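Nothing in this text is a laboratory measurement; each read-out follows from the coordinates by a stated rule. In this text the structure is predicted, and so the values were computed from the model without any measurement. Cβ atoms come from the backbone with ideal geometry, glycine included; neighbour counts cover every protein chain shown.
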Amino acid sequence: MTRLFAAAVLAALPLMANAEGMMHKLAIHVDENDPQVLNMALNNAQNVASHYKDIGDEVTIEIVAYGPGLHMFVPGKSPVADRISAMALEMDHLTFAACGNTLRAMSQKAGAEIALMDEAVVVPSGVVRLMELQEDGYTYIRP
């Protein structure tokens, strides 16, 4: 295959994907309690969703948080709580998964049950959830 032909094929891929109305899947991994990282994860989700909407494709995005990243979903502690609430309303195919193992450990340490934002769905294990998503064809990123 010549370079020119290869370049033409690569250039046509977005057009072919658009014509077929492809469905994309993205898993975003958050394990840090750093406002910059939390905002980057949300920016990634918004940018990806916007890109695929612009070309007529669909994308399903799941943000999975565990360890210190679980603070992303704790009301009163999350620096991105308002963004999460707004994005959950604006984006149909965006979900938020909270690690049950981390939540249990945080609650034990606090001596009381830690409440999470309504947008977060508790999964048994954040790591296992990321594995399952990748096994289901999700692309994995970590901001």
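Express as a percent, rounded to the nearest 5, the fraction of DSSP beta bridges in the chain (both residues included) that run antiparallel. Around 0 percent antiparallel, to the nearest 5. For His24, the residues 5 or more places off, or on other chains, whose built amide H falls under 5 Å of its own are Glu58, Val59, Thr60.
By the helix-only formula, in which each DSSP H run with n ≥ 4 contributes -39500 (n - 2.57) and the sum is divided by residues, the chain has a 222 nm mean residue ellipticity of -15500 deg cm²/dmol. Between Arg142 and Ala105, the simple label model (points 7 Å from Cα in the Cβ direction) yields a spacing of 1.5 nm.
The packing ranking, built from the mean of other Cβ atoms within 10 Å per residue, places the peptides 60-71, 28-39, 130-141 in the order 60-71, 28-39, 130-141, highest first. Here, P(r) means the percent of Cα pairs in each 5 Å bin from 0 to the largest distance; for the chain it is 2, 10, 18, 20, 17, 11, 8, 6, 4, 3, 1, 1, 0, 0.
Each Lys or Arg adds one and each Asp or Glu takes one away; over the other residues whose Cβ falls under 13 Å from the Cβ of Met106, this sums to +2.
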